[in-house]
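The values are calculated or read from the model by the stated rules, or taken from the named source; none is laboratory data. As the structure is a prediction and not an experimental result, all values here were calculated from the model. Note: ideal-geometry Cβ built from the backbone for every residue, glycine included; neighbour counts use all protein chains shown. Accessible surface areas use protein heavy atoms only, side chains included; no ligands, DNA or RNA. Shrake-Rupley method; radii C 1.70, N 1.55, O 1.52, S 1.80 Å.
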Amino acid sequence: MTETVTASSDAQTQPRPAQTVEVLLAQLREDDVRPSAQELVVLSDLSLADLRRVQKAWDTISDGCRLHVIQSLVEESVVNLHLQLGRLLRLALKDELADVRVLAIRGLWEDREADLVGPLIHILNNDPYDTVRAAAAEALGAFVLAGELDELSPALAMRAEDALLAVLHADMEPVAVQAYALESIAFSGETGIRDLIEDCYYSHDDQMRVAALRAMGRSADVRWRPTVQTELGSPDTEMRAAAARACGELEARDALEDLIELLSDESKAVRLAAIFALGRLGGRRAKEMLNAMSASEDADEAKTADNALEEALFYGDAEGIPLFDESLEDWDDDADDWEAW
C-alpha cells in the first residue's frame, strides 16, 4: 500500500509571520498558506505547554499542511543544526498520513534517546504501510549500534535486535522491510548474524543481495572484504554502489585501484560511493584522486570529495590505532573452525 500527499503549489508564498506557536497554529488551521521553514522554526524546542497546544491543534490542520510542516522542518534541520525537533517529530510518529510518519522517523535519525525504541518497534510490528515499517527497521539500526557501543542499555538493545530478527525470520514479510532489517541487525555482534548476511547474499532477490552487501560493510567483519571487492565489478549499479561503500567501511585497501576506476563509472551513485570509500582508505594515492574529484563540475561529487578528504585525515593512518582485527580476514569459515574458536 502507498499513500502520498503533495502540498499545493498554488499556496501563497508570503504568509503572515508567526511570532508564537499559538499564532502559527491559528495560521495553519485557517489560512491557505505554506509558511517558510524560517517561520516554522517556532516549532523547534517546544516547551511542554506549547507541545500540548500543538497536540490539541494537530488533527485540525489539513493533510497537505501537516506534510508541508514536517517536510520543511526535517529538510531545514539538515542545514540548521540548532533545530530541536524531537518533541514535534515524536508527535508526528502518530500522524494519520504515512508520508508524515516516514518523514518523522527519518527526521529523528540523530536522536538516540531510549524512549524511541518502544515506539519504533511498535511501528515496525503494527504500521499498515510497508514504507513506514521499512523506515522504522532502518531507524532501529542506530539503537543496535548504540547497544554494541555500550551507549544503550543491553535490555533495550536486545529488544531492538529481537524485533528485527523476528521480521527477518518471518515467511510473509515484504522484502523491502526485511532488507532494512538486515542492514540494521548487521551492527550486532551476536552469534548467527554472519550466517544470516551470507544467506541473504545468496538470495534470488536483488534487493536482499544489495542489503547483504550493505550489511557486510556495517558488520565490521573484515572477512567480507574479498566478497565486497569482487562485487565492485558487478553489472548491477546498486550492487556496485553498495560494494564500494562497504569497501570503505571495511577499509579494504586491496580494493584501492578498483575504487579509483569507479570514479569514472557511468552511475553517479557509484561514483559518490567510491569517493566515500577513498576517504575511508586514506593514503597518498586516495588523497590525490580526491583532490582531483573536489574540482569536479558536479556539485555533489565536489562536496562529497571535500568531505572525504577531511575523513582521510582520520582514516587510513598506518600509525594510528587499527579499527579492525586483521587476523580475522584469513579465518577459515568451516563450521568446525568456528566451533573450535
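Table for the structure above
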{"quantity": "Of all residues making up region 22-79, the number that are more than 16 Å from Asp95 (Cα to Cα) and among the β-branched types (Val, Ile, Thr)", "calculated": "6"}
{"quantity": "Qualifying residues in region 53-98 (those that are within 21 Å of Asp111 (Cα to Cα) and over 25 Å from the mean Cα position of the chain (by Cα)) - the one surrounded by the fewest Cβ atoms within 10 Å (Cβ to Cβ)", "calculated": "Gln55"}
{"quantity": "Residue match in region 34-45 (condition: open to solvent by less than 60 Å² (accessible area, probe 1.4 Å), closer than 18 Å to Ile105 by Cα and of a type outside the set (Phe, Trp, Tyr))", "calculated": "yes"}
{"quantity": "Pairs where the first residue, in region 233-256, is closer than 16 Å to Met216 by Cα and the second is open to solvent by less than 20 Å² (accessible area, probe 1.4 Å) and of a type in the set (Phe, Trp, Tyr), C-beta under 9 Å, 6+ apart", "calculated": "Ala246/Trp224; Leu250/Trp224; Ala252/Trp224"}
{"quantity": "Residue that is most open to solvent (accessible area, probe 1.4 Å) [pool: residues in region 247-283 that are outside any helix (DSSP H, G or I) and within 17 Å of Thr227 (Cβ to Cβ)]", "calculated": "Glu251"}
